[in-house]
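Everything on this sheet refers to the single structure shown next.
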Amino acid sequence: MSMFSRRLPPHADINALTRALARRRAEGAPVVDLTESNPTRAGIDYPRDLLRGLADPAALRYEPHALGLPSAREAIARDHGRRGVAVDPGRVVLTASTSEAYTWLFKLLCDPGTSVLVPRPSYPLFEHLTRLEGVCATPFELEYHGRWDIDFTTLASAPVTTRAVIIVSPNNPTGSFVSARDIQRLSALCRDRGWALIVDEVFADYPLEADAPLTDIAARSDVLAFTLGGLSKSAGLPQLKLGWIVVGGPPAARDAALAGLEVVADSFLSVASPVQLAAAGLLECAAAIRAQIHERTRANLAMLRDAARSFAACEVLRTEGGWSAVMRVPATRSEEQLVLDLLEHEGILVHPGYFFDFQHEAFVVASLLPPPDVFRDASKRLLRFALS
């Protein structure tokens with residue numbers, strides 16, 4: 001019998017790509033990392049005095065507020081206004097990260113053994129976060145027919161234990177924004193079945209191939225809904241550990257959820273005072289950082305599309321937003337073998353589609369964050385190699 005909880009996800013086995021990467025780096029061989037998702041390592045130019053607000057002397061006095069300092073909540077609510085929506089600061093809850101926001105919502109909404117619905121393909125962290133909370137992650141499918149849409153037939157058979165449905169908009173890595181039509185259908189399902197709607201919008205500031213995408217869904221929702229955001233993506237500052245939840249929906253359900261989240265938040269008080277005090281200044285500076293990241297991702301996606309024209313058997317799927325691009329390549333070998341061979345022979349690291357639970361092969365996923373000169377060369381070599 002193990003002395004550890006069954007909630008702990010399996011973690012002893014290291015996958016073949018991770019082992020191959022470790023060997024290559026140990027040998028000192030070069031690696032072009034097209035999985036890079038950390039903007040602080042991508043050559044983005046940050047203002048030299050960006051972190052001055054973290055030295056505010058007021059942080060020397062500890063005055064905890066369970067839902068977050070009022071000044072920080074007000075700053076976040078104001079920041080949402082640039083996307084054309086009014087957010088009440090009283091409906092903003094601060095967290096130390098988006099991952100923590102998920103765990104708090106699972107604590108709020110779910111009993112052990114109940115279920116949340118998660119999109120597939122999408123970010124693999126959901127399996128870990130749900131399991132650590134004793135919650136079951138039940139997938140529903142996204143289907144690609146020129147764009148990614150929800151397959152509602154896979155939602156129809158959701159377990160009776162379902163408490164919430166998670167949407168990532170734009171999704172990672174498919175880059176798909178949820179459409180207004182799909183939100184209407186999802187809201188109807190939530191209303192009929194008593195589900196809450198959790199919408200991760202951390203990449204919402206980075207539209208690419210989308211016209212007027214729907215954002216700030218919780219603030220517009222007529223069912224209990226939660227929008228997740230954070231400095232990690234909106235300001236390119238993952239190291240400062242500030243996320244948030246915007247709570248929306250019918251007043252009675254919304255207020256009850258806020259009261260419950262206050263109990264959860266008060267049990268942890270995890271958000272550091274310095275970053276809360278600095279939040280207003282950081283969000284003011286964020287526009288210049290976002291602009292650089294946005295220009296980088298747009299330029300790299302355009303280069304990738306241009307390169308793909310020379311490789312007719314490879315397809316760059318529609319990328320409505322975010323920091324990643326999905327490529328469909330010939331299934332001449334398994335995805336795992338393809339990415340291993342690519343790393344060995346070209347020194348290029350990409351994610352295979354199965355990392356994100358794509359249901360058939362062959363897909364590869366590349367970050368759009370690397371410097372353009374690096375990305376231009378690596379993307380051409382990647383596409384050429386996929387056909388070899």
(message) Restricting to region 346-376, and then to whatever is in a helix (DSSP H, G or I) and in contact (Cβ under 8 Å) with a residue 24 or more places away in the chain, can you tell me which residue is nearest to residue 25 (Cα to Cα)?
(response) 346
(request) Only residues that are of a type in the set (Phe, Trp, Tyr) and surrounded by 22 or more Cβ atoms within 10 Å (Cβ to Cβ): list them for region 305-328, please. (result) 323
(request) Please specify each residue of region 320-342 satisfying the condition of being within 19 Å of residue 374 (Cβ to Cβ) and of a type in the set (S, T, N, Q). (result) 324
(request) Please enumerate the residues belonging to region 151-210 that are small (Gly, Ala, Ser) and either within 24 Å of residue 100 (Cβ to Cβ) or touching a Pro at 6+ places or on another chain (Cβ under 9 Å) (or both). (result) 164, 169, 176, 179, 196, 204, 210
(request) May I ask you to list pairs of residues, at least six apart or on different chains, whose Cβ atoms are under 6 Å apart, with the first in region 106-134 being within 19 Å of residue 257 (Cβ to Cβ) and the second being open to solvent by 50 Å² or more (accessible area, probe 1.4 Å) and charged (D, E, K, R)? (result) 109/163; 110/163; 114/163
(request) Give the residues of region 143-193 that are under 23 Å from residue 211 (Cβ atoms), in contact (Cβ under 8 Å) with a residue 24 or more places away in the chain and open to solvent by 40 Å² or more (accessible area, probe 1.4 Å), sorted by residue number. (result) 144, 146, 147, 180, 185
(message) Against the condition at pLDDT 95 or above, farther than 18 Å from residue 32 by Cα, surrounded by 22 or more Cβ atoms within 10 Å (Cβ to Cβ) and aromatic (Phe, Trp, Tyr), how does residue 363 come out, does it pass?
(response) yes
(request) Under 9 Å between Cβ atoms, at least 6 apart or on separate chains: pull out the pairs that start in region 65-80 with a residue that is among the polar types (S, T, N, Q) and end on any residue that is open to solvent by 20 Å² or more (accessible area, probe 1.4 Å). (result) 71/277; 71/280
(request) Output the residues belonging to region 150-168 that are closer than 25 Å to residue 301 by Cβ and touching an Asp or Glu at 6+ places or on another chain (Cβ under 6 Å). (result) 150, 168
(request) Looking for whichever is more than 13 Å from residue 304 (Cβ to Cβ), surrounded by 22 or more Cβ atoms within 10 Å (Cβ to Cβ) and not charged (D, E, K, R) here; the options are 339, 350. Which one fits? (result) 339
(message) Being open to solvent by less than 30 Å² (accessible area, probe 1.4 Å) and in a helix (DSSP H, G or I) is the filter here; which residues of region 218-247 pass it?
(response) 218, 231, 234, 240
(request) Out of the residues in region 206-217 that are on the phi < 0 side of the Ramachandran plot and open to solvent by 20 Å² or more (accessible area, probe 1.4 Å), state the one that is nearest to the chain's Cα centre (by Cα). (result) 207
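One line per residue, one yes/no per condition, for (1) in contact with a helix residue (DSSP H, G or I) (Cβ under 9 Å, 6 or more places away or on another chain); (2) farther than 30 Å from residue 339 by Cβ; (3) modelled with pLDDT under 95:
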residue	(1), (2), (3)
274	yes, yes, no
279	yes, yes, no
286	yes, yes, no
296	yes, no, no
300	yes, no, no
305	no, no, no
315	yes, no, no
322	yes, no, no
328	yes, no, no
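The values are calculated or read from the model by the stated rules, or taken from the named source; none is laboratory data. Because the structure is a prediction, the values reported are computed rather than measured. All Cβ positions, glycine included, derive from the backbone under ideal geometry; neighbour counts span all protein chains shown. Surface areas here come from the heavy atoms of the whole protein model, side chains and all, with no ligands, DNA or RNA. Shrake-Rupley method; radii C 1.70, N 1.55, O 1.52, S 1.80 Å.
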